[in-house]
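As structure tokens, the structure follows; a few thoughts come after it.
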Amino acid sequence: MVKKRVPEWLNSSLWSSTPSPSLDDDRVQPYTSKPTATTTITSSSSTSDYEPPSMVDPPIPVPPPKPTREDKPPPQPQSTDSLPDHEDKNNTTPSPEDISRQAQLLVELSRKTINLRELRRIASQGIPDGAGIRSTVWKLLLGYLPPDRGLWSSELAKKRSQYKHFKDELLMNPSEITRKMDNCTNCDTDESKGQSKGLLSRSEITHGEHPLSLGQSSVWNQFFQDTEIIEQIDRDVKRTHPDLHFFSGDSSDAKSNQDALKNILIVFAKLNPGIRYVQGMNELLAPLFYVFKTDPNEEDAASAEADTFFCFVELLSGFRDHFCQQLDNSVVGIRSTITKLSQLLKEHDEELWRHLEITTKVNPQFYAFRWITLLLTQEFNFADSLHIWDTLLSDPEGPQETLLRVCCAMLILIRRRLLAGDFTSNLKLLQNYPPTNIRHLLYVANKLRVQSPG
């Protein structure tokens, strides 16, 4: 059997340019909390086979200003002087490519009707951090905003009102439900009963409204069933990106952001009883909420919770089968998706595939489960994750195919070390992916799209 050689473009000198300087230690750091997958994650200080000079983390993205409404001029890049405290105010000078791409995105967003095909093409190369438009671009890519800018205001008002209704109905505890039901009853009875202020006498409390009722229709029975999920959500949200002050700490902003994440996950769980809540959903929610909450447009930032909820639903619609345990072994389940990744690697680098799965017997589920279900949010630092998501969300057929190509590229970029490793060293390396050049990674992934294996 003839072994396939690694193509020459993989080691192109195009990627030898000097990377941007690193962030200070008190800014965004790689997220190192334990994953939700069943495998054990250990630390590693190893680096990628691809070693650009002094490769470091890119700067934290500047929050996006809202692009045009009908009566507003196109957005301008935001001054770093007005950034929130958690943002990096020492961003390096953008590259000519970033400046060009920023200008193209601003032109597209200024059109009366957005050309989504062109927007996807530009955004797939990465949304410049300094452009201040990632929030709006993501909402368009996820279908939350319609292409017609004239409809934005009415659509946003409708969705935000709908989310408020969901919260009013689904986050109400049984005592409030009982009181509300009683108040409605009092409206149709004499005024004397209206003085009860929602407090029912023992004779007026029906069996279904009693806290000890086990009936399926009992609001209290449902409340107690929900309590376990709510407690799990609370624990997971508190562990979300502990190194980012935006999500953790004792500040009022951090607590408010945690509350918003909890509200979204609880509402989602109650509206989707077939899936409810699965550990790891908080990690998929975090990038969306961060991007929308740091939008400099105050109105949009204030409605970040509602906007994030609907975009989270849309994002998860393409991956919901991965979170349904009953479908794990089906053609749409997580195991089937992991098998597709294995086949993709075999097509493009059979030597590496054979060494991993046959020689060293590293089952791809040991590392790819977390890569796929969490959309790589735990493999790279937060800023890099946002750039990867720019590319994932730009795929018109959904993020999954692009995600699999990125995962395959991750394996190819460290092939030399994997081929030299045994089961233990390879598993440790794959469960703690080394720092790498994200632009190069996405370039390789795109090459896998256009390169026909042969």
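A few points about this structure:
- Charges were assigned to the Cβ only: +1 to each Lys and Arg, -1 to each Asp and Glu. The resulting dipole of the range 97-153 about its Cα centre is roughly 220 debye.
- Label point 7 Å beyond Cα of Gln343 along Cβ direction - residues of the range 368-406 with amide nitrogen under 17 Å: 400-406
- Exceedance of the 27 Å cut-off in Cα-Cα distance is limited, within the set Lys167/Lys340; Lys238/Lys293; Lys139/Lys340; Lys112/Lys158; Lys159/Lys447; Lys270/Lys340, to Lys167/Lys340; Lys139/Lys340; Lys159/Lys447; Lys270/Lys340.
- The range 97-153, accessible surface, carbon-and-sulfur percent (1.4 angstrom probe): 49
- Computed FRET value (nearest 0.05) for Ser95 with Thr227, which takes r as the C-beta separation and R₀ as 60 Å: 0.75
- Thr113/Ile358 FRET efficiency (R0 56 Å; Cβ-Cβ; nearest 0.05): 0.60
- With every protein chain in place, the range 246-297: carbon and sulfur % of accessible area (1.4 Å): 44
- Positive-end extreme of charge dipole, the range 325-448 - chosen from Gly333, Ile388, His355 (charges on Cβ): His355
- Descending principal axes extents, the range 97-153, alpha-carbon based, whole Å: 31, 19, 18
- The range 97-153, accessible area per residue, ligands and nucleic acids excluded (1.4 Å, Å²): 39
- Inter-probe distance in nm under a simple model that places probes 7 Å from Cα toward Cβ, at Glu169 and Glu351: 6.0
- Computed with a 1.4 Å probe over protein heavy atoms only, the accessible surface of the range 350-395 comes to 25 Å² per residue.
- 4 °C / 1.567 mPa s Stokes-Einstein diffusion coefficient of the range 342-454, Kirkwood radius on C-alpha pairs, µm²/s: 91
- With every protein chain in place, the range 325-448: carbon and sulfur % of accessible area (1.4 Å): 51
The values are calculated or read from the model by the stated rules, or taken from the named source; none is laboratory data. Just so it is clear, the model here is predicted, and its values are computed rather than measured. FYI the Cβ positions are ideal-geometry reconstructions off the backbone, even for glycines, and counts take in every protein chain you see. When the accessible area is computed, the model is the full protein with side chains, heavy atoms only, and any ligands, DNA or RNA have been set aside. Shrake-Rupley method; radii C 1.70, N 1.55, O 1.52, S 1.80 Å.
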